[in-house]
Each structure stands twice: as C-alpha cells, then as structure tokens.
Amino acid sequence: MNECLTTIGDYGLRAVGIGERLLPKTDFTLCQHFTLIGSGMIWNIYFGAIALVIGFVLANAIALAKASRYPFLSIPANWFILLFRGSPLFIQFFLAYFLFLNLKQSFPLFSWFTSAWAGALVVLFLNTAAYSAEIFYGALQSVPRGEVEAADAYGMSGWKRFIRVIWPTSMRLAWPAYTNEAIFLFHATTLVFFSGFPAWQQRGDALYYANYFADKTFNPFIPYPILAGYFILLTLIIVGIFGLINRRLNRHLPQSARIKRPRMPLIR
Amino acid sequence: MGFYLSFGTVLLLLAITAPTALAFGFGGAAAARSNFLPLRWFGKTYIAVVRGVPDIAFFLFFVIALDQGFEYVRHQIYCPDWDQPIRQGSDFVVCKAAKLPLSSAPQWVHEVYGFFTAVLTFAIVFGAFAANVLYGAMRAVPHGQVETAQAYGMTNRQTFWRITVPQMWVYALPGLSNLWMVLIKATPLLFLLGVEDIVYWARELGGSKTPRYTAYPHGDWRLWYFLGLLVFYLAFTKVSEFFLGKLMKRLTHGQATLGGTS
C-alpha cells in the first residue's frame, strides 16, 4: 500500500514532466500501470476539454456561414467542413505536423506548433469545429418554422431574433448529437502521439503509456483494459455533464417530453 | 510495386471488412434484443464497451491479443504435455508447432495471416457500431407490423426473420452509410496492425525517425505525399457519398418515411 503511494508520488504527474524521470523498466506492478496510464489521461483531458470549448465557438460561426445565403460565406464553410470531415484525423495530424515543420523554417513563431501541446491542439480544435458545425447546421435547418414566425409576430428581427429564439432552439436540437461528438473527440485525443507529433521526454497520453507497457511486457491483457476503464469513466463523466446542460437547456419544457435518441455518433 | 499494391490492400480490406462487420453487427443486435438474459447482457456489453473506448486502443489490443489467443489454443491442442508456464516474465512462450504462422511458412502466409487479423479486428470494432445501428433500426420497424404478425400466429422467431429483418434496412441505412464513411477513414490505422498500407509506405519512405530535430535544407517531400493521401481520402468520401445518396433514394422510394416523400 505504502509502496503504491510512493509510486503515485513518483509517477502521478509524469505525463507533464513532474516526478521521476525514468520510466519503470522491469518488474511492473499493477500500481505502476494504473498510475502512469492515469497520469497520461491528463493530456487526453487537456486536449479534449480545450479543443471542445474553443471549437464550440468556431463551430457556431461556421454553421452560420454554411447556412448563409451569401456564397462567399457558405462556399468556404462547405469546403472547411468537407476537408476536416472527409479525411482521416490521422492524416490531418501527419500533415499538420509536417506543415508546421516547414513553416518553422521561415517563421520561428511556428516552432511552438511542432510540439504536441499546441500543434495537435490546433488540429483537434479545427477538426471538432468541422464536425460540430455540421451538427449545428443540421439543427439550424430544423428549427420549427412556427417559432421563427412567433418571433416575427413579437416584432423581433435580425440579431435579436437569432440570439433569443433561433440559436437556443437549435442548441436544444443539436445537444444529443453534440454529446456524442464530445465523447468521440476525447477518444480522438489518443491519436495525437501516434501520428506525427513526438512525445517529448516520454511525456505522452494514456494510450502512449498503455502501449509502452504492452510493448515491454508483451501482455496486452493488463494495460489496455486499464485504459478502457479510464475511458469508460471519462465517457460517463462527459455524459453526466452534458446531461446537466441538456436539463438546463430544456428546463422550461414538460419533463415527460421524450428526449431524442442521439443520432449515430461519428468517430474519426 | 508494393507501394501501388498498398492502395489495393486498403480497397480489399474495405471490401471484406464491410460485410463481416455487418454480420458481427447483426449478431450483436440480435443478441442485445434476445429473450435469453445472459445473451442480452453479452450483446449490450459488447456494444457499450466498444463504443466507450477509443478504437485505436482496440486496434493495438487485438493485434497482440488475437495472436496470443490463437497460439494459446493451438498450444493446448498440439502440445498437451508441455510443462513450462506460457508467460515467462515478459515472454510469451508456446511450443514450436503452435506458432502462428509456422516459422517455416512462406512469406505470403505471414502476409495473409496479418491481413486476416486486421479484418477480424476491424470487424469486431465496427461490428459493435453496426450492432448499435441495427439495434435501433429493429426497434424502428412499426410496432403494428409485429403485432399483425403475432395476430397471424407467427412465433417470435418467424416474426423476427419474416417481418422485422426485411423491413429494418431502410431505417438502418443512414447509420450504416455513416459507418461506411467512418470505416473508410479508419483504414490508415491499418499500419498499426502490421499490414503494409499506404500510411506504412509514407512512414517507411520518410526515413528519419525523429524529424523534429532534423533541419531539412529544402521542403520535405512527405508533405506532398500526405497531401496526395488527403486528396485520395477526400475523393473516396465524395464518391461514396454520391452512391450512398443514390442507394438511399432507391430504397426509400415509395416508403412511408419522411425520406420517401421529400
């Protein structure tokens, strides 16, 4: 027990570079598995949470641009969505990494983006923005006509009508699908250290450490189920948080109103 | 030559995996709505666990787990009087006759075996997603249809095979076509399973292991290679979208769903 507390002290924050420098090499204990993989989850949560929050803002802007009647707005939005939804995230990571490497030659500013914490975050942010924009666009299109007409009847128009009626309703409609998008964004964060971005000083995410253990012990039956456990826990937390927001979004509706089944989730 | 073949590998994998995953999905969905409780638990757990965990973790897990599983079973059959433990420290030791593929086997057997594990892994992972879609589709079949079948005296089994299954496909198609898009985009992960796919070549031809610390005197050509891959996948997605749209139109023609009228 005490031994395990030492291990947690040594490796609990290993993924961000605090604690013991060398990873365990032989005689792996179950406690080391749990601690290191858990410390790697810091990166998964970091990437997922930040990309989700900024991505939400951009996604709304792109969804609006796509729904716009001006082609100079809707055409770039369509291309953006096609580019990020139509290609594997994996390839996007590769491509972004090499792109940043080349840009670094001419602009030293980009040297930040060749490390995972910033570069991969940019890719994930744009990627989730594209997926969410498609969801939000679909929701915008399915706002009931009656609600818009009611807003007209109240004398609302333009921005006021959008911010008070159309946007809140579209969020309500989009929320179940957006919950799925959030879950799969967190799953997608495991790809970061598997593509172009190198794990500097062996500071990796949960999958990086799980893979490390599996490579060393040649026994996949311990590290991967632990990783799976962590991710199922994370998924449950996301579902819980999004459920609370959903309750708040729909607080004025009769509670018996059946919540729409989430549509088929998208994975990358 | 291997480089061009790798594109064929990707297409072949898609062609084999899609029906296999559909079969897995059908099994999973049928299990999840079975009347037999343990089977229902099994089906629901299968769907929930695979959906709750990143797919890349499954790819990494199954490539070793399946291999060791097969070798363990063969070990039990071929070498019953082996007395040493199978796991010795960090080694997985089975007798020579149980090795898969046999060390004396020609190269193509190794490649086919690698491809086979890849297909099985993809089928298990995407089978769970397909199971989720089909499970929803089975429940979307109008209840009146099932009640009518029961009124005609059909057993549960007959109702399932004669009423539910033929009618569920229209409801399943949007989810399944989405899944097809996802499957296309998952193929670059093949290289994780040791199959020489297009990304494998991208990395192989790239050469240096830690490009972060390498200063290229000129533009890195890999950038163009990956751009090519990006265009390949974008085009593939676009073409699939076109044909799936046509299929949907044909299937919903005359159906009493929203798609049939609009």
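Assorted remarks:
- Residue in region B:13-27 that is at pLDDT below 85 and either among the aliphatic types (A, V, I, L, M) or surrounded by 21 or more Cβ atoms within 10 Å (Cβ to Cβ) (or both) present: yes
- Criterion: within 21 Å of the chain's Cα centre (by Cα) and either within 28 Å of A:I163 (Cβ to Cβ) or crowded, with 20+ Cβ neighbours inside 10 Å (or both) - qualifying residue of A:Y11, A:Y97, A:Y70: A:Y97
- Of all residues in region A:109-119, those being aliphatic (A, V, I, L, M) and in contact (Cβ under 8 Å) with a residue 60 or more places away in the chain number 1.
- Among the residues of region A:96-108, the ones that are at the interface with another protein chain (Cβ under 7 Å from one of its Cβ atoms) and either in contact (Cβ under 8 Å) with a residue 12 or more places away in the chain or in contact with a Cys (Cβ under 9 Å, 6 or more places away or on another chain) (or both) come to 2 in all.
- Counting the residues of region A:207-235 that are on the phi < 0 side of the Ramachandran plot and facing chain B (nearest Cβ under 8 Å) gives 15.
- Within region A:236-250, the set of residues being part of a helix (DSSP H, G or I) and away from chain B (no Cβ under 14 Å) comprises A:I241, A:F242, A:G243, A:L244, A:I245, A:N246, A:R247, A:R248, A:L249.
- Extreme residue, nearest to A:F193 (Cα to Cα), among residues of region A:45-87 that are touching a Ser or Thr at 6+ places or on another chain (Cβ under 8 Å) and outside any helix (DSSP H, G or I): A:S87
- Test: residue in region A:22-41 that is part of a helix (DSSP H, G or I) and closer than 30 Å to A:F136 by Cα: yes
- Residue check for B:I184: part of a helix (DSSP H, G or I), farther than 21 Å from B:Y233 by Cα and at pLDDT 85 or above: no
Quick grid of which residues meet (1) over 21 Å from A:N60 (Cα atoms); (2) out of contact with any strand residue (DSSP E or B) (no Cβ under 9 Å at 6 or more places or on another chain); (3) more than 11 Å from chain B (Cβ to nearest Cβ):
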{"site": "A:R172", "(1), (2), (3)": "no, yes, yes"}
{"site": "A:I183", "(1), (2), (3)": "no, yes, no"}
{"site": "A:H187", "(1), (2), (3)": "yes, yes, no"}
{"site": "A:W200", "(1), (2), (3)": "yes, yes, no"}
{"site": "A:D205", "(1), (2), (3)": "yes, yes, no"}
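The values are calculated or read from the model by the stated rules, or taken from the named source; none is laboratory data. Model, not experiment: these values are computed from the prediction. FYI the Cβ positions are ideal-geometry reconstructions off the backbone, even for glycines, and counts take in every protein chain you see.
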